[in-house]
Amino acid sequence: MITATATATEMQNNFGRYLNLVMSGQEIIVTKNGREVARFIPKNAAVSYLTDSLTGILKGDYDLDEVKTERLKEKYEAVD
């Protein structure tokens, strides 16, 4: 998944543009004062993430922090 970053002001002023990016499959990280405050992700990605999380919880083998760390590593190592 391709990721873009936008400040809260950019997001507010260009919402339609960023919405189109999300609709095309991209993830948008929103920052305010240099800190990540939100992410806009395509609906399919959200459903997949929630389904994966729920499956792990029901099996009793889901560690949210571990999964989050792994996914961030995958995402940022692929960018490097």
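By how many nm would the segment from I2 to T69 lengthen if fully extended, with 0.36 nm per residue of separation less the alpha-carbon distance? If you can, show how the numbers build up before the last one.
Numbers: separation 67, 0.36 × 67 = 24.12 nm, distance 1.82 nm.
Length gained between I2 and T69: 22.3 nm.
Subtracting the Cα-Cα distance from 0.36 nm times the residue separation, let me have the gained length for K43 to F15 in nm, one decimal.
Here the answer is 8.4 nm.
A short reminder: the numbers here are calculations on the coordinates, not readings from a lab. Everything numeric here is computed off the predicted structure, so don't read it as measured data.
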